[in-house]
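What follows is one structure encoded as structure tokens, with my remarks underneath.
The values are calculated or read from the model by the stated rules, or taken from the named source; none is laboratory data. Here the structure is a predicted model, which is why all the values come from computation and not from measurement. For neighbour counting, all protein chains shown are included, and Cβ atoms are generated from backbone atoms with ideal geometry for every residue, glycine included.
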Amino acid sequence: MAVIDFRLRPPLKGFLDMIMYAGAERRDRLTRQHGMEPAPSAQAQSMPLLLAEMDAAGVTLGVIMGRCSGVYGAVTNQDVADIVRAYPGRFIGIGSIDPGSRKAAMQQIEEAMALGLKGINIEPGAYAEPMLADDRRLYPIYACCEDRGIPVTVMAGGSAGPDLSYTFPVHIDRVAGDFPGLRIALSHGAWPWVQQILHVAYRRPNVYVSPDQYLCNMPGMNDYILAANGFLAERFLYASSYPFIGVKDYADWFRRLPLKPELMEQLMYGNAARFLGIAG
């Protein structure tokens, strides 16, 4: 069975300057808080080891998201495209934008599409000037992506903002309602607002939920699983959040969850393929 890991950050380019690699001690502590051990590939910052772990996990494609963050660092659209090109058939790229300038953001969307990237990543609470997801400065970006059929990922959950208000699901609810034709995927699954985001997804058919590392042995896990077995079966996105959790360890753990066997292929591949508009 093919698998798309919807959040995977390889040890390359700008990712190496981020805390996930530059702050290895903190990363490994967080990994162990999820009941996992650090991945050898992450500790060695080794692409050959990562590719071997992906193969062992059955991960066909890893989704790499660009980042324009004043808090966490930057991975440019060109960086993402270079990684995809260097490892053909292994990764799918999603671009990023800096919403500080509407004109520049529109140019970045054009750049991302010209580079063959499959979507746009927005991290409202992590910009140099933090924003809520429904900040009106982001609306032209949402409108452009909706009009052009470009899916959008939003980092909403975990530590994605100065405080918990930045990840509260009402902001996503408003965006999804204002742009009903826009496919929106939530990285970190709006954790810890689990029941609230599941209600948003219940009422907004354009919202996909990807809890990634916050599914793994965390409060709210059973609620995500219940939704994935039911109304969210076609909009749950499988993701490890590597390197915070190893690709193979996460896949092995996920396959042991009480998920309906007949849903596993769409949870681990089909939903992401449909969201990204690639051949399923």
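The table for this structure:
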read-out: Enumeration of residues in segment 10-50 that are crowded, with 16+ Cβ neighbours inside 10 Å, under 19 Å from the mean Cα position of the chain (by Cα), of a type outside the set (F, W, Y) and part of a helix (DSSP H, G or I); value: K13, G14, M20, R27, L30, T31, A42, L50
read-out: Failed criterion for K118 (all others in (1) surrounded by 21 or more Cβ atoms within 10 Å (Cβ to Cβ); (2) at pLDDT 95 or above; (3) within 16 Å of the chain's Cα centre (by Cα); (4) within 14 Å of G66 (Cβ to Cβ) hold); value: (1)
read-out: Segment 55-114: number of residues that are surrounded by 14 or more Cβ atoms within 10 Å (Cβ to Cβ) and assigned to a loop (DSSP other than H, G, I, E, B); value: 12
read-out: Restricting segment 228-254 to residues that are of a type outside the set (K, R), assigned to a helix (DSSP H, G or I) and out of contact with any Lys or Arg (no Cβ under 9 Å at 6 or more places or on another chain), the residue that is surrounded by the most Cβ atoms within 10 Å (Cβ to Cβ); value: V247
read-out: Residue within segment 166-179 that is buried (at least 24 other Cβ atoms within 10 Å of the Cβ), in contact (Cβ under 8 Å) with a residue 40 or more places away in the chain and of a type in the set (F, W, Y) present; value: no
read-out: Some residue of segment 149-160 being assigned to a loop (DSSP other than H, G, I, E, B), loosely packed, with under 15 Cβ neighbours inside 10 Å and at pLDDT below 95; value: no
read-out: Candidate set from segment 121-148 (those that are among the acidic types (D, E) and over 20 Å from P205 (Cβ atoms)); member that is surrounded by the fewest Cβ atoms within 10 Å (Cβ to Cβ); value: E129
read-out: Given (1) among the charged types (D, E, K, R); (2) buried (at least 19 other Cβ atoms within 10 Å of the Cβ); (3) more than 16 Å from the chain's Cα centre (by Cα), number of the condition R7 does not satisfy; value: (3)
read-out: Residue list for segment 236-273, restricted to those being in contact (Cβ under 8 Å) with a residue 40 or more places away in the chain and of a type in the set (D, E, K, R); value: K248, D249, D252, E265
read-out: Selection count, segment 115-124, where residues are acidic (D, E) and assigned to a helix (DSSP H, G or I); value: 0
read-out: Selection count, segment 168-220, where residues are among the charged types (D, E, K, R) and assigned to a loop (DSSP other than H, G, I, E, B); value: 2
